[in-house]
1. Could you work out the relative contact order of the range 137-185? I mean the mean sequence separation of Cα pairs under 8 Å and 6+ apart, divided by the number of residues, in percent.
2. Calculate, in nm to one decimal, what residue 167 and residue 69 gain on full extension: separation in residues at 0.36 nm each, minus their alpha carbon distance.
3. Nearest 5 is fine: what % of DSSP beta bridges in the range 1-128 come out antiparallel, could you say?
4. If each residue's Cβ is checked for other Cβ atoms within 10 Å, how do 34, 156 rank with the fewest at the top?
5. If you build a Gaussian network model of the chain, linking Cα atoms that sit under 10 Å apart, which residue out of 88, 166, 154 swings the most?
6. Among 8, 92, which comes first, then next, by fewest other beta-carbon atoms within 10 Å?
7. Over all Cα pairs of the chain, how is the pair count split among 10 Å bins, expressed in % and running from 0 up to the last occupied bin?
8. Connecting C-alpha atoms closer than 10 Å in a GNM of the chain, tell me which of 106, 20, 140 has the biggest fluctuation.
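Every number here is computed from the coordinates shown, using simple stated rules; none is lab data. Fair warning: this is a prediction, and the values are worked out from it, not measured in the lab. Note that we place each Cβ from the backbone using ideal geometry, even for glycine, and neighbour counts take in every protein chain shown.
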């Protein structure tokens, strides 16, 4: 298992806009229409990565808990599907059903969105405020496959709770660790 860390882009980074195919709704979605009123969590994930599989249930749990509070959740898969067919849009749709994703699961065919966000691994998490400025990037929590720490989403939950209560985000932001994005050669 590769262990690639997040690129820790600077806080304040402005969210690049995008239009991508959503394997959940089967429509092209524009970022400007799906960002949240309070904040938005953008997750670079994929179907086959053991690090993503390890946190999938917690991601869904957090989305169910926070989505009705003005927080949007957007998942994006940018992997090269010619080499990793298990990450194809058809398989992504199957993952939406299997994992009960209640958020868009977008297919970044050209990998331009991953490049625009400087995404490096799956999972890779970015939280943008209501002005689409980056306030958090990094890990879901300290759990990784095999380290026996509970998957609880503590880092992401902390940031959401700070935003919802208008408190300063003071958490030590640690890179996510996961499989590298499978780039097209």
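1. Normalised by residue count, the contact order of the range 137-185 is 42 percent.
2. Taking 0.36 nm per residue and subtracting the Cα distance, the gain is 33.7 nm.
3. Antiparallel bridges: around 55 percent, rounded to the nearest 5.
4. In increasing order of surrounding Cβ atoms, one gets 34, 156.
5. Most flexible of the set in this elastic network: 166.
6. Taking fewest neighbouring Cβ atoms as first place, the list is 8, 92.
7. That works out to 10, 42, 40, 9, 0, in percent per bin.
8. Among 106, 20, 140, the largest GNM mean-square fluctuation belongs to 20.
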